[in-house]
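Enquirer: Dropping a structure here in structure tokens format, bear with me for questions.
The values are calculated or read from the model by the stated rules, or taken from the named source; none is laboratory data. Model, not experiment: these values are computed from the prediction. Note: ideal-geometry Cβ built from the backbone for every residue, glycine included; neighbour counts use all protein chains shown. Note: areas computed on protein heavy atoms with side chains; ligands, DNA, RNA excluded. Shrake-Rupley method; radii C 1.70, N 1.55, O 1.52, S 1.80 Å.
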Protein chains: 2
Amino acid sequence: MTDVNFKNQSDRIPSPDEKARFGGPAQEPDELPYDLIELLFFAYRDFTSDPDDVLAQFDFGRAHHRVLHFVDRNPGIKVTDLLNILRITKQSLGRVLKQLVDQDFIEQRPGPLDRRQRLLFTTGKGHDLAVRLSRLQTKRLERATMDLPDGAADAVRQFLFQMIDPDARPDVAKLVRLPSQP
Amino acid sequence: MTDVNFKNQSDRIPSPDEKARFGGPAQEPDELPYDLIELLFFAYRDFTSDPDDVLAQFDFGRAHHRVLHFVDRNPGIKVTDLLNILRITKQSLGRVLKQLVDQDFIEQRPGPLDRRQRLLFTTGKGHDLAVRLSRLQTKRLERATMDLPDGAADAVRQFLFQMIDPDARPDVAKLVRLPSQP
DNA sequence: AGAAATAAGTCAATATGACTGACGTAAATT
DNA sequence: AATTTACGTCAGTCATATTGACTTATTTCT
């Protein structure tokens with residue numbers, strides 16, 4: 001047994017009933033770009049798998065990664081804004097944030113203007129981890145964009161951006177600091 | 001308060017300490033394509049949100065969706081192959097699969113050659129739901145690819161494909177039935 | 001100055017999706 | 001006949017998320 005993922009899936013024999021009910025896998029007229037749906041699934045699955053291994057060493061999960069990433073990228077971000085980016089509840093954030101703070105990956109400082117706020121910053125340690133994780137994802141992204149035709153990387157950017165809910169796009173554009181977004 | 005997602009994130013004032021420690025958000029030399037990392041996150045977040053709403057009406061979650069999707073697309077798939085596609089354990093699959101079978105979205109038939117196998121098929125009802133969910137994702141994908149330059153959609157396909165672990169690519173290519181993969 | 005709104009944290013209870021490890025059964029393979 | 005395979009299942013656990021209610025401190029509004 002190799003460690004290849006799913007092998008003999010094509011060895012299957014369709015049952016008679018199946019042949020009756022299904023006109024082959026793409027019985028919906030090929031209008032449906034199933035391939036993109038599935039490619040996105042697999043691409044994202046593997047995209048998140050690199051950091052997972054490192055995070056496991058710290059007893060962290062993906063939730064920690066997301067928090068760490070956006071805090072590192074947006075030093076001084078407010079809890080409320082982080083909640084809206086991640087689209088999770090205060091309670092969900094609270095747990096992972098507490099762990100990150102307790103273990104000295106993130107620190108909180110009262111807002112200088114509004115002292116109710118607890119602005120979030122990565123510590124040196126937190127920043128290092130954030131960068132380390134980003135590098136992993138970056139490597140994969142670079143490998144994936146490397147041998148694309150000229151300008152294709154920008155097409156990918158545009159595609160991904162347009163996959164986002166229209167009303168969320170302005171905020172994402174700001175957050176992501178897109179090189180040029182019309 | 002509008003229902004826009006994360007607004008005043010750019011209104012924050014960097015603390016003195018922050019300015020000392022951070023040379024701005026992109027202190028890592030711009031080698032790191034942070035934008036792609038984040039765009040992928042947001043794109044995938046919204047990509048999965050459309051089906052989620054429908055699934056909730058049936059008391060299903062994303063796990064059900066994935067199973068339903070791959071069974072619908074690969075009628076007669078074996079449990080083992082499905083496990084390898086989804087990269088989850090038998091127990092995790094078991095729970096959601098049981099619910100889908102009990103509620104008549106998926107049916108199991110003994111393999112005609114190997115009677116140990118329980119080949120999986122969507123029922124009419126299951127197929128309808130699968131298509132309905134795919135259409136939602138399809139719409140978003142079409143909107144996103146629509147105004148891309150010529151050939152850009154293929155660049156996106158290639159990009160996504162190359163984001164996948166190299167050793168998983170042959171299997172994905174087979175499964176996804178890519179139009180043309182060199 | 002007092003009332004209302006906001007930022008953040010917290011409590012309790014719950015759900016979902018995942019995990020490990022062990023075991024059982026039927027059927028196929030050697 | 002022994003072993004392997006395909007699948008299912010039991011028991012226990014964990015991580016991540018949810019809702020709703022409540023507290024505290026602080027700011028803003030009137």
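Enquirer: Can you work out D for region A:103-152 in µm² s⁻¹ from Stokes-Einstein, where Rh is the Kirkwood radius over C-alpha pairs, the temperature is 25 °C and the viscosity is 0.890 mPa s? All intermediate terms of the calculation are to be shown ahead of the outcome.
Expert: Working: Rh = 13.5 Å.
Translational diffusion coefficient: 181 µm²/s.
Enquirer: Over all residues in B:48-55, what is the mean tally of Cβ atoms on other chains that come within 10 Å of each residue's Cβ?
Expert: For this peptide, the per-residue mean of nearby foreign Cβ atoms is 1.
Enquirer: Write down the accessible area per residue of region A:33-145 in Å², having rolled a 1.4 Å probe over the full set of protein chains.
Expert: Value returned for region A:33-145: 42 Å² of accessible area per residue.
Enquirer: At the nearest 100 Å², what buried accessible area, both sides summed, do you get for A and B when the probe is 1.4 Å? Before the final figure, lay out the partial values.
Expert: On the way: alone 13660 and 13660 Å², together 17590 Å².
What A and B bury together is about 9700 Å².
Enquirer: Hey, what do the phi angles of region B:57-68 turn into as Karplus ³J(HN,Hα) couplings, whole Hz, using 6.51/-1.76/1.60 and θ = phi - 60°, x for Gly and Pro?
Expert: Values, residue by residue: 5, 9, 6, 10, x, 5, 4, 5, 4, 4, 4, 4 Hz.
Enquirer: Next question, about the same structure. Average partner chain C-beta neighbours within 10 Å, per residue of A:57-64?
Expert: That average works out to 0.
Enquirer: Roughly how many percent of the accessible protein surface of region A:33-145 is carbon and sulfur, given a 1.4 Å probe and a whole-percent answer? Let's see the in-between values first.
Expert: Details: 2370 of 4800 Å².
Within region A:33-145, the accessible surface is 49 percent carbon and sulfur.
Enquirer: Which pairs break 26 Å Cα to Cα here: A:Lys90/B:Lys125; A:Lys139/B:Lys139; B:Lys90/B:Lys139; A:Lys98/B:Lys90; B:Lys78/B:Lys174?
Expert: A:Lys90/B:Lys125; A:Lys139/B:Lys139; B:Lys90/B:Lys139; A:Lys98/B:Lys90
Enquirer: Tell me, what is the Rg over Rh of region B:33-142, with Rh the Kirkwood radius over Cα pairs?
Expert: Radius of gyration over Kirkwood radius for region B:33-142 works out to 1.03.
Enquirer: Right, something else. Mind checking the mean number of beta-carbon atoms from other chains within 10 Å of the Cβ atoms in B:78-90?
Expert: 3
Enquirer: With +1 on the Cβ of every Lys and Arg and -1 on the Cβ of every Asp and Glu, and nothing else charged, how large is the dipole of region A:33-145 about its Cα centre, in debye rounded to the nearest 20?
Expert: That gives region A:33-145 a dipole magnitude of about 480 debye.
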